[in-house]
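Working notes for the structure below.
The values are calculated or read from the model by the stated rules, or taken from the named source; none is laboratory data. Every value quoted in this text rests on a predicted model; they were computed, and no experiment measured them. We place every Cβ from the backbone using ideal geometry, glycine too, and count neighbours over all the protein chains shown. Heads up: the accessible areas ignore ligands, DNA and RNA and are worked out on the full protein's heavy atoms, side chains in. Shrake-Rupley method; radii C 1.70, N 1.55, O 1.52, S 1.80 Å.
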Amino acid sequence: MVFVSGTVPSSPAQKCGIRAGDSLISVNGHEINDVLDYRFYTTEKKLRVVFLRDGKKRSAVIRKEEYADAGMEFCTYLMDEKKRCRNGCVFCFIDQNPPGMRESIYFKDDDERLSFLQGNYITLTNLKPEDVDRIIKMHISPVNVSVHTTEPELRVKMMRNRFAGECLKYLPELAKAGISINAQLVLVRGMNDGEHLRRSLTDLLALDTLESCACVPCGLTDHRDGLEKLEPYDAESAAEVIDLIDSFGDASLRSTGSRKAFASDEFYLLAGRDIPDERFYEGYPQLDNGVGMLRCHREEYLAELDCSEFCRGGRTAIVTGKAAEAHIRELIAETARRFPGLDCEVFAIENRFYGKNITVSGLLTGRDVIEQLRGKAEGRYLLLPCNMLRYERDMFLDGLTPADLERELGVKTVIIERDGKDLCQKVLSL
């Protein structure tokens with residue numbers, strides 16, 4: 001049963017008498033407990049709904065177009081609370097946050113519904129057999145899984161959850177039912193790489209419905225007091241990881257026509273190797289895990305640049321992290337070669353808040369930007385990657401805002417979307 005907070009004006013639900021304060025019990029005989037139930041069971045043209053009003057059960061019939069929304073609104077997106085992560089992973093980034101940040105920064109979610117609705121990765125440790133049965137019944141696909149290792153005992157050790165190994169049995173169950181799986185392996189140097197990574201890739205690639213597997217290095221901040229000592233990857237160890245993953249990817253490409261296993265861009269940067277070409281990434285199935293992100297961004301930027309005939313030549317500056325510095329500088333250099341009047345500076349910000357091992361732009365704070373750009377960018381348009389800000393694009397991790405940067409630095413902030421096309425357009429037009 002879920003609480004109805006309102007109805008869309010003139011919607012089928014409103015027309016049949018549903019109103020704010022009602023509690024939806026069932027649709028066509030199926031109990032409604034959350035957003036997945038609601039979405040799955042309200043696709044039909046005719047809905048017999050049972051709801052509670054003032055302590056009494058009532059019923060109504062809703063008629064609508066197939067797959068059209070019935071028009072009921074709820075207090076939260078999921079219609080109930082997010083499921084909190086039960087794990088204590090040795091590499092958990094949230095545990096490495098210093099105190100004093102926004103409360104939402106410290107929340108760990110592990111919700112299978114968000115895997116389907118938003119592409120989040122889940123560990124499976126929150127799932128009960130009935131949850132797996134529902135995924136199979138509804139054919140919720142793909143499911144995105146943070147696997148880390150397929151060795152049960154090692155998974156328990158890494159995730160500090162006694163159920164972490166047992167729930168690996170859900171992977172073959174989902175695959176047998178035809179549910180597509182995207183996997184993520186967060187690699188900890190000396191813990192789940194090497195022969196352990198070989199075992200994990202062997203097991204995962206044996207799943208008939210595996211679509212892709214991303215291997216990413218764990219992020220290590222300077223705020224690890226009381227946490228297990230972990231070593232960051234260096235050039236040599238990162239190269240070893242790439243070579244092992246590519247050996248599996250090459251074999252999979254020969255046998256199935258798809259590479260499936262990929263190392264993230266960060267491994268290539270650490271190893272000092274060039275990012276592979278666009279064909280290597282097969283449509284970028286693991287882009288959100290940083291797999292092929294720089295290649296995709298470069299191709300988008302250059303494609304837009306090839307179509308451009310004019311550069312305004314305004315004074316701009318781009319903020320980026322250390323990881324993407326060379327990439328951004330190459331793009332701006334090529335733009336300046338084609339448009340000599342371009343006046344654009346690139347500022348790679350060192351992450352002093354989290355530490356030098358954190359080099360991505362998405363984990364930069366407003367304070368680090370202000371401290372390192374003071375007196376260097378006055379009068380310029382300051383281009384900020386959207387991943388530096390929360391979803392609403394109004395606040396950095398440390399609570400500062402783009403308006404704070406404008407006031408402190410004497411700039412006009414402009415938010416850049418994730419795609420290279422948007423960056424190119426703004427560099428040329430401002």
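For beta carbons closer than 8 Å, sequence separation of 6+ or different chains, a first residue in the stretch 10-21 that is among the hydroxyl-bearing types (Ser, Thr, Tyr) and a second that is modelled with pLDDT under 95 and open to solvent by 40 Å² or more (accessible area, probe 1.4 Å), the qualifying pairs are Ser11/Asp69. None of Ala263, Ala271, Ala206, Ala238 is farther than 29 Å from Cys424 by Cα, without any contact (Cβ under 8 Å) to a residue 60 or more places away in the chain and surrounded by 15 or more Cβ atoms within 10 Å (Cβ to Cβ) except Ala238. Applying the set (1) open to solvent by less than 60 Å² (accessible area, probe 1.4 Å); (2) under 21 Å from Met158 (Cα atoms); (3) among the charged types (D, E, K, R); (4) out of contact with any strand residue (DSSP E or B) (no Cβ under 7 Å at 6 or more places or on another chain) to Lys229 leaves exactly one unmet item: (1). State the number of residues belonging to the stretch 10-26 that are surrounded by 16 or more Cβ atoms within 10 Å (Cβ to Cβ) and either outside any helix (DSSP H, G or I) or not hydrophobic (A, V, I, L, M, F, W, C) (or both). Count: 9.
Filtering Cys307, Cys311 for residues that are open to solvent by 20 Å² or more (accessible area, probe 1.4 Å), free of Cβ contacts under 8 Å to residues at least 40 places away in the same chain and either of a type outside the set (Val, Ile, Thr) or out of contact with any His (no Cβ under 9 Å at 6 or more places or on another chain) (or both) leaves a single hit, Cys307. For the stretch 40-93, the set of residues classified as surrounded by 16 or more Cβ atoms within 10 Å (Cβ to Cβ), part of a loop (DSSP other than H, G, I, E, B), among the hydrophobic types (A, V, I, L, M, F, W, C) and on the phi < 0 side of the Ramachandran plot consists of Ala70, Leu78, Cys85, Cys89, Val90, Phe91, Cys92, Phe93, listed by residue number. The listed residues are Asp368, Asp394, and the only one of them that is surrounded by 15 or more Cβ atoms within 10 Å (Cβ to Cβ) and either among the aromatic types (Phe, Trp, Tyr) or under 27 Å from Thr221 (Cα atoms) (or both) turns out to be Asp368.
Checking the stated criteria, Val346 turns out to be in contact (Cβ under 8 Å) with a residue 12 or more places away in the chain, touching a strand residue (DSSP E or B) at 6+ places or on another chain (Cβ under 7 Å), surrounded by 15 or more Cβ atoms within 10 Å (Cβ to Cβ) and within 24 Å of Asp274 (Cα to Cα).
Scoring Leu287 on the criteria (1) closer than 20 Å to Leu428 by Cβ; (2) touching a Cys at 6+ places or on another chain (Cβ under 9 Å); (3) not acidic (Asp, Glu) leaves a single failure, condition (1).
Filtering the stretch 169-192 to residues that are over 21 Å from the mean Cα position of the chain (by Cα) and open to solvent by 20 Å² or more (accessible area, probe 1.4 Å) leaves Lys169, Pro172, Glu173, Lys176, Ala177, Gly178, Arg189, Gly190, Met191.
Under the condition of being without any contact (Cβ under 8 Å) to a residue 60 or more places away in the chain and acidic (Asp, Glu), which residue from the stretch 22-46 is farthest from Val61 (Cα to Cα)? Residue satisfying both the conditions and the ranking: Asp37. Among the residues in the stretch 124-134, are any surrounded by 18 or more Cβ atoms within 10 Å (Cβ to Cβ), closer than 15 Å to Arg86 by Cβ, of a type in the set (A, V, I, L, M, F, W, C) and in contact with a strand residue (DSSP E or B) (Cβ under 7 Å, 6 or more places away or on another chain)? Scanning the stretch 124-134 turns up at least one residue that is surrounded by 18 or more Cβ atoms within 10 Å (Cβ to Cβ), closer than 15 Å to Arg86 by Cβ, of a type in the set (A, V, I, L, M, F, W, C) and in contact with a strand residue (DSSP E or B) (Cβ under 7 Å, 6 or more places away or on another chain).
Reported count of residues in the stretch 247-306, each being of a type in the set (Lys, Arg) and under 20 Å from Gly194 (Cα atoms), is 3.
Determine which member of the set Leu405, Leu428, Leu389, Leu331 is surrounded by 22 or more Cβ atoms within 10 Å (Cβ to Cβ) and closer than 23 Å to Asp265 by Cα.
Numbers: Leu405 fails: closer than 23 Å to Asp265 by Cα; Leu428 fails: closer than 23 Å to Asp265 by Cα; Leu389 fails: surrounded by 22 or more Cβ atoms within 10 Å (Cβ to Cβ).
When all the criteria are applied, what remains is Leu331.
Restricted to the stretch 241-260, and to residues there that are under 30 Å from Arg160 (Cα atoms) and charged (D, E, K, R), the residue that is surrounded by the fewest Cβ atoms within 10 Å (Cβ to Cβ) is Asp243.
Every condition in (1) open to solvent by 10 Å² or more (accessible area, probe 1.4 Å); (2) touching an Asp or Glu at 6+ places or on another chain (Cβ under 8 Å) holds for Phe163 except the one numbered (2). Flag: Thr359 does not match the condition of being of a type in the set (S, T, N, Q) and open to solvent by less than 20 Å² (accessible area, probe 1.4 Å).
Yes/no per residue for (1) under 25 Å from the mean Cα position of the chain (by Cα); (2) closer than 23 Å to Val369 by Cα; (3) outside any helix (DSSP H, G or I):
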| residue | (1), (2), (3) |
| --- | --- |
| Tyr268 | yes, no, no |
| Phe280 | yes, no, no |
| Asp288 | yes, no, no |
| Ser308 | no, no, yes |
| Thr316 | no, yes, yes |
| Glu330 | no, yes, no |
| Ala336 | no, no, no |
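Looking across the stretch 27-39, the residues that are within 16 Å of Ser5 (Cα to Cα) and crowded, with 19+ Cβ neighbours inside 10 Å come down to Ile32, Val35, Tyr38.
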